[in-house]
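Chemist: Here it is, the structure in full.
The values are calculated or read from the model by the stated rules, or taken from the named source; none is laboratory data. Remember, it's a predicted structure, so these values are computed and weren't measured experimentally. As a convention, Cβ positions derive from the backbone with ideal geometry for all residues, glycine included, and neighbour counts pool all protein chains shown.
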Amino acid sequence: MSRAMRHIWVCFCGVGFLAVFASPTGARPGQAAAAEWLPPTPADGKQFSVDAGEPFRLSLVATTRAAPDSTVAIEAAGVPAGATFRTTAGNPAGATVMWVPTAGQVGRRFSLTFTADPDNPGIGPATRHFVVRVHALATTFTLSSKTTETYRYAFVMRRAVARTAPSRAAAPVARLGRLTPERTTNLVLALDGRRTPEALWIHVRLPILPNNTTGWVPRRTLSDWKVVRTRLVVDRSRLTAVLYRLGRRVFFARVAIGQPQWPTPPGEFYVRNQLYGFDDPFYGPIAFGTNARSPVLTDWPGGRFVGIHGTNNPQLVPGRVSHGCIRLKNRDIVRLAKLMPVGTPLTVL
């Protein structure tokens, strides 16, 4: 080959090389750009594992920066039966898959493909591929454990009837509303769960008398799980409150509890809400509502619930002076609020 021919061949190959590798992923031949995926879209090829009966959610966002006036549409293929696919065209465009796999889908592998296609013929589409495998959830499983210092709670998303057993035929124990007496979003501490042929059931603590009553509610009535690793222990004989995080003590304070005729009830409870902005200094700057109830009387607004709050009479702490609520000095309740999230289990000894 002559020097001139070699020069032409090298130049031709170099141009071809640049043409191939300069084209964005997804662009059609002759197109200079393609749609792009944006967070929270997962990486291409990501594989998911989901338990039957547990909610699965997949969110995608796509755009085209090369043509800001274009509209992008996201299309889906391979969406499993029973799943909901919602999409909104635009720039950016959004799409969501929501799905609760059934027991009949256990063991199956689903391949999902999403295509973001601009309405501009000069802009190429972009695709993402995902794999979802469905596993069987154990018939019974633990959600909160002192052994691991892991506790799960969930918000009540729709009204539910708590029953004595995980069955629609079981006797009702209580009705759970979406709001607490203080008008905050209601929540329950989850103990364990059980799968039955009719539904997935969650065993929860209830805010009713007698104290320590539990019941079973359908999983679909609750939000996704929230996890806390703290536990508050109030000792009525020592008049103390101790907060543990992962089994290690991180807070200690002296407390006041109920008088003998209005005792603070013992048992296993949980913190339902955190409240601020009291007009009455009697409650201090911050208070916590719990699911514990007094069979007699408490000084808690709404009646007969046990609260944890500050006081305008710090000289009465420690002592047995309340109508059942647990009182801390204001400086201590402020410290506690920085360390204890809602959903924290409460043990009253």
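Chemist: Given the condition out of contact with any strand residue (DSSP E or B) (no Cβ under 7 Å at 6 or more places or on another chain) and either modelled with pLDDT of 95 or more or among the small types (Gly, Ala, Ser) (or both), answer yes or no: does some residue in the stretch 270-278 qualify?
Modeler: Within the stretch 270-278, one or more residues are out of contact with any strand residue (DSSP E or B) (no Cβ under 7 Å at 6 or more places or on another chain) and either modelled with pLDDT of 95 or more or among the small types (Gly, Ala, Ser) (or both).
Chemist: Going through Ala73, Ala62 one at a time, which residue ends up being hydrophobic (A, V, I, L, M, F, W, C), in a strand (DSSP E or B), at pLDDT 95 or above and out of contact with any Phe, Trp or Tyr (no Cβ under 9 Å at 6 or more places or on another chain)? Working first, answer last.
Modeler: Working: Ala62 fails: out of contact with any Phe, Trp or Tyr (no Cβ under 9 Å at 6 or more places or on another chain).
Matching residue, one of Ala73, Ala62: Ala73.
Chemist: Got a sec? Which strands (runs of 3 or more DSSP E) wholly within the stretch 197-310 have at least 3 residues that are under 25 Å from the mean Cα position of the chain (by Cα)? Walk me through it before giving the result.
Modeler: Numbers: elements: 200-205, 214-218, 226-228, 230-235, 240-245, 248-254, 256-258, 267-276, 286-293, 305-309.
By residue number, 200-205, 214-218, 226-228, 230-235, 240-245, 267-276, 286-293.
Chemist: For Thr240, all conditions in the list (1) in contact with a Leu (Cβ under 9 Å, 6 or more places away or on another chain); (2) at pLDDT 95 or above; (3) not assigned by TED's automatic domain parsing to the domain that holds Ile202 hold save one; what is the number of the exception?
Modeler: (1)
Chemist: Let me ask something else. Could you grab the pairs with beta carbons closer than 6 Å, sequence gap of 6+ or different chains, first residue in the stretch 80-101 and in contact (Cβ under 8 Å) with a residue 24 or more places away in the chain and crowded, with 17+ Cβ neighbours inside 10 Å, second one not hydrophobic (A, V, I, L, M, F, W, C) and not in a loop (DSSP other than H, G, I, E, B)?
Modeler: Between residues of the stretch 80-101 that are in contact (Cβ under 8 Å) with a residue 24 or more places away in the chain and crowded, with 17+ Cβ neighbours inside 10 Å and residues that are not hydrophobic (A, V, I, L, M, F, W, C) and not in a loop (DSSP other than H, G, I, E, B), the close pairs are Asn91/Thr63; Pro92/Thr63; Gly94/Thr88; Ala95/Thr87.
So that you can scan it fast, the table gives a plain yes or no per residue for (1) in contact with a Pro (Cβ under 8 Å, 6 or more places away or on another chain); (2) within 19 Å of Asn211 (Cβ to Cβ); (3) surrounded by 21 or more Cβ atoms within 10 Å (Cβ to Cβ); (4) of a type in the set (S, T, N, Q):
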position: Val306; (1), (2), (3), (4): yes, yes, yes, no
position: Thr311; (1), (2), (3), (4): no, no, yes, yes
position: Gly319; (1), (2), (3), (4): no, no, no, no
position: His323; (1), (2), (3), (4): no, yes, no, no
position: Ile326; (1), (2), (3), (4): no, yes, yes, no
position: Lys329; (1), (2), (3), (4): yes, no, yes, no
position: Ile333; (1), (2), (3), (4): yes, no, yes, no
position: Pro341; (1), (2), (3), (4): no, no, no, no
position: Leu346; (1), (2), (3), (4): no, yes, yes, no
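Chemist: Out of everything in the stretch 68-87 that is among the hydroxyl-bearing types (Ser, Thr, Tyr) and more than 25 Å from the chain's Cα centre (by Cα), what residue ends up being nearest to Gly107 (Cα to Cα)?
Modeler: It comes out as Thr71.
Chemist: Based on what the data block shows, is Val317 of a type in the set (A, V, I, L, M), assigned by TED's automatic domain parsing to the domain that holds Arg238 and modelled with pLDDT of 95 or more?
Modeler: Working: of a type in the set (A, V, I, L, M): yes; assigned by TED's automatic domain parsing to the domain that holds Arg238: yes; modelled with pLDDT of 95 or more: no.
It is false that Val317 is of a type in the set (A, V, I, L, M), assigned by TED's automatic domain parsing to the domain that holds Arg238 and modelled with pLDDT of 95 or more.
Chemist: A further question follows. Out of curiosity, is Asp332 touching a strand residue (DSSP E or B) at 6+ places or on another chain (Cβ under 6 Å) and outside any strand (DSSP E or B)? Before the answer, list the steps.
Modeler: Details: touching a strand residue (DSSP E or B) at 6+ places or on another chain (Cβ under 6 Å): yes; outside any strand (DSSP E or B): yes.
For Asp332, the condition - touching a strand residue (DSSP E or B) at 6+ places or on another chain (Cβ under 6 Å) and outside any strand (DSSP E or B) - is met.
Chemist: Which one of the conditions (1) buried (at least 17 other Cβ atoms within 10 Å of the Cβ); (2) under 28 Å from Ser294 (Cα atoms) does Val227 fail to meet, given that it meets all the rest?
Modeler: Of everything listed in (1) buried (at least 17 other Cβ atoms within 10 Å of the Cβ); (2) under 28 Å from Ser294 (Cα atoms), Val227 misses just condition (1).
Chemist: Let me ask you something else. Look at the stretch 42-59 and say how many of its residues are outside any strand (DSSP E or B) and farther than 16 Å from Ala76 by Cβ. Spell out the reasoning first.
Modeler: Taking the stretch 42-59 first, the residues outside any strand (DSSP E or B) are 42-46, 52-55.
Next, from what is left, pick out any that are farther than 16 Å from Ala76 by Cβ: 43, 45, 52-55.
Of the residues in the stretch 42-59, 6 are outside any strand (DSSP E or B) and farther than 16 Å from Ala76 by Cβ.
Chemist: Here's another thing I want to ask about it. If you go through the stretch 102-161, how many residues are part of a loop (DSSP other than H, G, I, E, B) and either closer than 30 Å to Pro172 by Cα or not assigned by TED's automatic domain parsing to the domain that holds Thr221 (or both)? Please lay out each step first, then the result.
Modeler: Step one: filter the stretch 102-161 for residues part of a loop (DSSP other than H, G, I, E, B), giving 102, 106-108, 119-122, 125, 136-139, 143-144, 146-149, 157-159.
Still in the running and either closer than 30 Å to Pro172 by Cα or not assigned by TED's automatic domain parsing to the domain that holds Thr221 (or both): 102, 106-108, 119-122, 125, 136-139, 143-144, 146, 157-159.
Result for the stretch 102-161: 19.
Chemist: Counting only residues that are at positive phi and in contact with a His (Cβ under 8 Å, 6 or more places away or on another chain), how many does the stretch 314-349 have?
Modeler: Final tally of qualifying residues: 0.
Chemist: What about Asn212, is it in contact with an Asp or Glu (Cβ under 7 Å, 6 or more places away or on another chain), in the same structural domain as Ser167 (by TED's automatic domain parsing) and closer than 30 Å to Thr164 by Cβ?
Modeler: The answer is yes for Asn212.
Chemist: Need the failing condition index for Gly122 against (1) under 30 Å from Ala138 (Cα atoms); (2) surrounded by fewer than 16 Cβ atoms within 10 Å (Cβ to Cβ), just the number.
Modeler: That leaves (1) as the condition not met.
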